[in-house]
Amino acid sequence: MNSTQSTIEVTDLTKRFGDFAAVNGINFEVHHGEIFGFLGPNGSGKTTTIRMMLGLMKPTSGSTQILGMKVDGDTRRIRPRVGYMSQRFSLYNDLTVLQNLNFYGAAYGLSNSELQTRIKEALTMAGLEGRENAKTKELSGGWRQRLALSAAILHRPEVLFLDEPTAGVDPLSRRAFWDLLYQLIAEGITVFVTTHYMDEAEHCHRLAFIQHGDIIAYGTAEQITAQKMHGDVLEIEPSDAPGAVRALRTAQADQTIPIKEVELYGSLVHVVAPDIKKHQRAIERELHKAGIRTGHMSVIAPSLEDVFISAMKK
């Protein structure tokens, strides 16, 4: 299968709860051998979408095809070819690492000799050797995450679904987890991942942004930036970042300066406006009026977080 062939096709997928549309006729494709990121704020429809795609929830209308097979009420043909890791990791806390893997391997129908080989490979891949007899509840979040991923790929699925797999896990563990995902991609597995971490989204080959059940952006990071970012980004390192945001939002509301967005990034402030260089002096004056020193200021390329915020606001 080549890299532009579709492994997943979602067509007009809709889920209504009474008059409320949780997912509203969305369309997208996931290519073979890519990491596809599905991004949106809490309540945007991410988990509802992934549950419908897996056949765990019946759509109101529309359809999903995975590996050329339509997802409907009978998922027996598809199930052996996909893996799923949920937000809560779906592990048995009172079982050891090895017992969890044996349980999931048996559930996937692996024979004992094949299962033992797969478990050994999974333990090596995830760096879990030496922890086989540890109770799952005794593991840190990062190790539990690796165990959950190992359980999800024991049967060597062709497509792997991950629903916010790194939520609540420390940054070092998140980085190690993504290194594992790249190992899987190198083996030809297709990964569909929901996340709200922008640094993770930057590692995806292509993305879709979902808001209030609608896809509002779709494509590579570069394509989405071109679609959604109508302006340049000025990064400021002011003496009082929250004060700078307040002052510039006042100037935006008064239309003193044609600013599109002002956002706080830790101790930095990002200001978005068309042809921002032209307004740099005016921004500096506005901050000085508020008693704020501007410090370092420079026009930078928009980050994916800048693009995401801009898209969500529109």
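The values are calculated or read from the model by the stated rules, or taken from the named source; none is laboratory data. Note that this is a predicted model, so its numbers are computed, not measured. Quick reminder, even Gly has a Cβ in these numbers, built from the backbone with ideal geometry, and neighbours come from all protein chains shown.
Among the residues of the range 125-136, those identified as modelled with pLDDT under 90 and assigned to a helix (DSSP H, G or I) are M125, A126. Inspect all residues belonging to the range 79-89 and state whether any of them is in a strand (DSSP E or B) and over 18 Å from the mean Cα position of the chain (by Cα). Within the range 79-89, one or more residues are in a strand (DSSP E or B) and over 18 Å from the mean Cα position of the chain (by Cα). Taken over the range 298-314, the criterion of being crowded, with 18+ Cβ neighbours inside 10 Å and either more than 24 Å from S44 (Cα to Cα) or charged (D, E, K, R) (or both) is satisfied by D306 alone. The residues listed here are G83, G68; of these, the one that is in the same structural domain as I216 (by TED's automatic domain parsing) and either on the phi > 0 side of the Ramachandran plot or surrounded by fewer than 16 Cβ atoms within 10 Å (Cβ to Cβ) (or both) is G68. Select from the range 53-71 the residues that are part of a strand (DSSP E or B) and of a type outside the set (S, T, Y) and write down the one among them that is farthest from D214 (Cα to Cα). It comes out as M69.
Take the residues in the range 90-114 that are among the aromatic types (F, W, Y) and assigned to a loop (DSSP other than H, G, I, E, B); name whichever of them is farthest from E158 (Cα to Cα).
Residues of the range 90-114 that are among the aromatic types (F, W, Y), as a first pass: 92, 103-104, 108.
This time we only want the ones that are assigned to a loop (DSSP other than H, G, I, E, B), so: 92, 108.
Values: Y92: 25, Y108: 14 Å.
Only one residue fits best here, namely Y92.
Scanning the range 123-163 for residues that are closer than 14 Å to G83 by Cα, more than 20 Å from the chain's Cα centre (by Cα) and hydrophobic (A, V, I, L, M, F, W, C) turns up A151, L154.
Going by what's in this entry, would P171 be described as more than 14 Å from L184 (Cα to Cα), touching an Asp or Glu at 6+ places or on another chain (Cβ under 9 Å) and modelled with pLDDT under 90? So that I can check it myself, show each step before the final result.
On the way: more than 14 Å from L184 (Cα to Cα): yes; touching an Asp or Glu at 6+ places or on another chain (Cβ under 9 Å): yes; modelled with pLDDT under 90: yes.
When the stated conditions are applied, P171 passes them.
D74 fulfils the conditions (1) assigned to a helix (DSSP H, G or I); (2) over 26 Å from the mean Cα position of the chain (by Cα) except for a single criterion, (1). Can you pull out the residues in the range 4-24 that are touching a residue at least 60 places away in the same chain (Cβ under 8 Å) and touching an Asp or Glu at 6+ places or on another chain (Cβ under 6 Å)? Listed by number, the list holds a single entry, N24.
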